[in-house]
1. Out of the residues in region 104-139 meeting the condition of being hydroxyl-bearing (Ser, Thr, Tyr) and modelled with pLDDT of 90 or more, tell me which one is surrounded by the fewest Cβ atoms within 10 Å (Cβ to Cβ).
2. Restricting attention to region 190-206, does a residue exist that is farther than 22 Å from ALA105 by Cα and either of a type in the set (Lys, Arg) or free of Cβ contacts under 8 Å to residues at least 24 places away in the same chain (or both)?
3. Only one residue in GLY39, GLY71 is more than 30 Å from MET196 (Cα to Cα) and not acidic (Asp, Glu). Which one?
4. Name the helices (runs of 4 or more DSSP H) wholly inside region 235-333 in which the number of residues that are at pLDDT 90 or above is 3 or more.
5. Looking at GLY278, GLY241, GLY261 in this structure, which one is crowded, with 19+ Cβ neighbours inside 10 Å and either free of Cβ contacts under 8 Å to residues at least 12 places away in the same chain or not β-branched (Val, Ile, Thr) (or both)?
6. Take the residues of region 140-166 that are among the small types (Gly, Ala, Ser) and more than 22 Å from GLY278 (Cα to Cα): which is surrounded by the fewest Cβ atoms within 10 Å (Cβ to Cβ)?
7. Sort through LEU215, LEU193, LEU200 and tell me the only one that's under 25 Å from PHE167 (Cβ atoms) and at pLDDT 95 or above.
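The values are calculated or read from the model by the stated rules, or taken from the named source; none is laboratory data. Note that the structure is predicted; figures quoted are calculated from it, not measured. Virtual Cβ from ideal backbone geometry, glycine too; neighbours counted across all protein chains shown.
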Amino acid sequence: MSPTRARWLQVVVWVVVLAGLVVFARSVNWRDTVAAMRGASLSMLVAAALVNLASLAFKAVRWWVFLRPVGVGLRLATRATFAGAALNNLLVANSGEAARVLLVARTANVASASILATLALERLFEAVGYVLMLALAGTVLPLPPYLEAMRPLAIIALVTTTVVLVFAVRSPAGALPLDATGTGAVASAGAYLGRMMHTLRGVSTAPRFAAALLLSIAAWLLQVATYHLTAVAAHFPISVGQTVAALLAVNVGFAVRTTPGGVGLFQVLYAVTLASMGFDKNTATGVALLIQAQQLIPVTILGLLAAPEMINGKRPLTPISPPASSANRPDTA
């Protein structure tokens, strides 16, 4: 697809999304929505916000599991994770993911290809956690029809991912390709991809995969707790099982965000999902606004404080990780 067509397609998507949000907003009784928000318990909302921060911290540790072999410390991994999440809340298309790769690569003086490889694994285990929860939830919980229809695909994806991960563990690391054949952009892309694949093979071990899976499960369970504590704070009579269904529903469409932080789409998906379960749509919209407020505001503030250079464009000045001489050598333990 040409760049011009891609831009036009992006514009069409935004127009459709904005039109849908306007239609939804006009259907909501905002007086009831605001009343639900005003009646929420502040202490419970604070608890939910702290649980959400803990969930993001677990994701930082999950990334560090793969960053550690290339010489990146937990402190930098945590800074970059919070800063990337903050940018995702402010920009579209998950732009914070690219920014945190650059932050870590520049600060730790490690090749960006190696950092990108570790991020790919970290994002893969985020998806594995979601797919695992979707595959298991349908066996014990009533799910909306469109989520129930996705369960077979989730099971297939889970099996396929397991096979890929087993192959990655059993594949030898091999030698790092130092030179690419040919010249120009193709050769550069080939060398970059070669370094990525070398890092992927080097950090792919069964213990790291097991740790990443456990951290993914913990992060998703903390997200369930975040959603449920917020609903309880608003005196919303929802069960834990229904909270799980709502969480699965709102995360279906966020592989690529079409609005900053998913604002608007989150409320629509949450409210529509719970309305299909018999809950009041206006109150559910208020709960969704509270969930996003305590998710986005603390994370954005902490993320901008953690790495202001990601916002003002300045290059990080002081390395806080091991030197480059050992940074590009993933171990195979």
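1. Checked region 104-139; the qualifying residue surrounded by the fewest Cβ atoms within 10 Å (Cβ to Cβ) is SER112.
2. Checked region 190-206: no residue is farther than 22 Å from ALA105 by Cα and either of a type in the set (Lys, Arg) or free of Cβ contacts under 8 Å to residues at least 24 places away in the same chain (or both).
3. GLY39
4. 240-250, 265-275, 281-306
5. Only one candidate passes the filter, namely GLY261.
6. Checking each candidate, the answer is ALA157.
7. LEU215
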